[in-house]
Amino acid sequence: MGGMFDIDSPVMNVLNKIMNLLVLNLCFIISCLPVLTAGAALTALYSVSLKMVRNEESYVFSTYWRAFRKNLRQGTACWLLLLCLGVVLYADFLALGSLKGALQTVFRVTAIVFLVIYSVLALYIFPYMARFKDNVLTSLKNALLIGGANPGYTVTVLLITAAAAALTVSDLEILLRAVFLWLALGFGLLSYANSFFFRRVFDKYEKKEAL
């Protein structure tokens with residue numbers, strides 16, 4: 001009779017998954033230190049976590065850094081684009097305070113629409129690049145279209161991500177504890193949770209490509 005610490009036991013599988021998430025989280029933090037490389041780091045993060053949810057991962061460390069190098073240029077380009085769009089969007093919301101009446105309403109609605117588009121794009125672009133090989137413009141277009149075509153999954157991932165962020169900054173004491181959690185496991189765990197939903201979305205399009 002096999003014991004609970006046999007290599008194929010549920011307990012060992014859980015412990016192995018936690019260890020892989022710890023390694024994945026450390027790799028992500030290290031590769032994010034220059035900040036400009038965060039896009040490539042996010043793509044590599046999802047390259048591993050999208051495999052982990054189907055138990056397809058092998059060596060997390062080598063898989064991560066291989067994906068990071070492969071997506072360095074394209075991931076960085078998308079990251080810088082998102083940063084620029086984020087700054088413009090933030091400036092638009094700040095400018096709303098100086099407007100009045102119908103003009104303010106029109107600009108507020110427009111800003112909210114662009115915020116929704118930006119959020120969908122930011123959620124999907126790096127997981128998309130982790131699963132599909134396309135140029136930057138095609139990746140941006142397809143990430144936006146796929147996110148919009150799957151509103152249930154998109155809202156779910158958005159709520160999970162927003163809840164994690166809101167909980168982190170909800171209280172100073174929680175923030176101090178959360179910093180340790182994010183540094184130890186948080187980024188890997190969040191991408192792992194989101195990857196369950198991303199894989200369900202991407203599977204539909206991968207099957208179409210295979211036909």
So what's the gap between the Cα centers of the range 20-61 and the range 135-183, to the nearest angstrom?
-> 16
Give the Cα extents of the chain along the principal axes, in whole Å, largest first.
-> 75, 52, 33
Mean Cβ neighbour count within 10 Å, used as a protection proxy, ranking 49-62, 122-135, 164-177 highest first = 122-135, 49-62, 164-177
The range 14-133 - Debye-derived log10 I(q)/I(0), Cα point model, q = 0.23 Å⁻¹ | -1.20
Rounded to two decimals, the Rg over Rh value of the range 140-211 from Cα coordinates and the Kirkwood Rh reads 1.11
How would you rank 69-82, 98-111, 142-155, highest first, on the average number of other Cβ atoms within 10 Å across their residues?
-> 69-82, 142-155, 98-111
Relative contact order of the range 56-211, pairs being alpha-carbon contacts under 8 Å that are 6 or more residues apart, as % | 19
How large is the dipole of the range 10-210 about the Cα centre if only Lys and Arg carry +1 and Asp and Glu carry -1, each at its Cβ, rounded to the nearest 20 debye?
-> 480
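Each reported figure results from applying straightforward, stated rules to the coordinates on display, with no laboratory input. Keep in mind the model is a prediction, meaning the values are calculated, not measured. Here the Cβ is made from the backbone with ideal geometry for all residues, glycine too, and neighbour counts use every protein chain on show.
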